Amino acid sequence: MFQRIFVPLDGSRRAEQAIGIAAHLAAAAHGSVLLFQTVDLQPERWPVFFRSQQVLEAATFTAVAQAQAYLEQQARDPALTGLPVEARARAGKAASTILREIEATQADLLVLACHGPNPWAVGSVTAQLIRHAPVPLLIWREDSPSLSQADMQTRRRWRLLAPLDGSLWARAALEPAVALMQALATQAEISVHLLRVVVPLPVQGEQEGARWLLRQRLRQAEESLSQAGKELERLWRRSAATVRPPALTWSVAVDPDVVHAIGQVAHPDEPFPGRDGTGTPDLLLLSAWGSNEADQRRLGSVAERLLQLVSLPILLVPTRALIQILHGAAQAPPQMGQ
């Protein structure tokens, strides 16, 4: 699935760590890597210096040339040896320019490293990308565990935590998750844990009625996770992967706060609920579809809070990407055995 991997760089060491990750994923999928940088001189902040359009154009030309030289230097990174690599520098506002370029180049994965005290704050470049990107994003914060190319090549096991809410939108995120797992599993075992959080509803009247309602909702959650597990296995078979299918587990948690329940599993100090009961998640899958119109305009209330609280690397599937996945599934002919 990930044939063209888009890596936005800003000149920082943190952003450059994405190069090794992108190289590993591109090599596994026989794909290519696009290194990209935007140049925005923000003339509105320097009206005296950029006193004429001619001065602005000359300064922009020089800055773009310098950015292009920087990208071409990064394209010589040993991790990219043998891979098709393209370097592009463009002038413009960072987020909007990156979004346009993603569509123009038909990229299918954005690998993004972000930093700062609150990288998800409204108005930041990262926040705009995760809200509006038409493709999945592999992202991590400054305090996330490092995902160097060497680590990806030598790691023997990857654990993916996939919280699901029972909706088609959440299950649609399993498709890019399968693509990522297959790229990671070239030399490693994969385990996937599906998690469903049931929020208890306030019930007036007898306690027995409340318990009955909770049992019903738990049974529905278990059935939903069972169907999601079958969907994941179907996607794996459909991809004709040569790597071993993931070890699949699932659990249901009861908690009035969905983010708290997911955080209890995602937190590195808590045991990962795998078959052996040991280990911690290495990656978190998030579907960015909100439960109402206001959430959809933002990112999705649960995903929004998790992005602020969880330090794990995250495969985030934004709303636009989910719509494209579901549209593709609706247009695809039925497969044998389905």
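Quick notes
- For first residues located in the range 1-18 and part of a helix (DSSP H, G or I) and open to solvent by 10 Å² or more (accessible area, probe 1.4 Å), partners that are at pLDDT 90 or above and polar (S, T, N, Q) and lie 6+ apart or on another chain with Cβ distances below 8 Å form the pairs GLU16/GLN74.
- Given (1) over 33 Å from the mean Cα position of the chain (by Cα); (2) in contact (Cβ under 8 Å) with a residue 24 or more places away in the chain, index of the condition THR62 fails: (2)
- The range 174-193, residues that are open to solvent by 50 Å² or more (accessible area, probe 1.4 Å) and touching a strand residue (DSSP E or B) at 6+ places or on another chain (Cβ under 9 Å): GLU175, GLU189
- Number of residues in the range 1-21 that are among the aliphatic types (A, V, I, L, M) and touching a Gly at 6+ places or on another chain (Cβ under 9 Å) equals 1.
- Selection status of ARG297, farther than 14 Å from TRP169 by Cα, at pLDDT below 80 and among the charged types (D, E, K, R): yes
- Among the residues making up the range 94-123, those that are in a loop (DSSP other than H, G, I, E, B) and modelled with pLDDT of 90 or more are GLN106, ALA107, ASP108.
- Annotation note: of ARG141, ARG196, ARG131, ARG157, the sole residue that is basic (Lys, Arg) and either modelled with pLDDT of 90 or more or surrounded by 23 or more Cβ atoms within 10 Å (Cβ to Cβ) (or both) is ARG196.
- Residues of the range 175-201 that turn out to be closer than 20 Å to GLY263 by Cα and of a type outside the set (Gly, Ala, Ser), as a count: 9
The values are calculated or read from the model by the stated rules, or taken from the named source; none is laboratory data. Everything quoted here is computed from the prediction, not taken from an experiment. Virtual Cβ from ideal backbone geometry, glycine too; neighbours counted across all protein chains shown. Heads up: the accessible areas ignore ligands, DNA and RNA and are worked out on the full protein's heavy atoms, side chains in. Shrake-Rupley method; radii C 1.70, N 1.55, O 1.52, S 1.80 Å.
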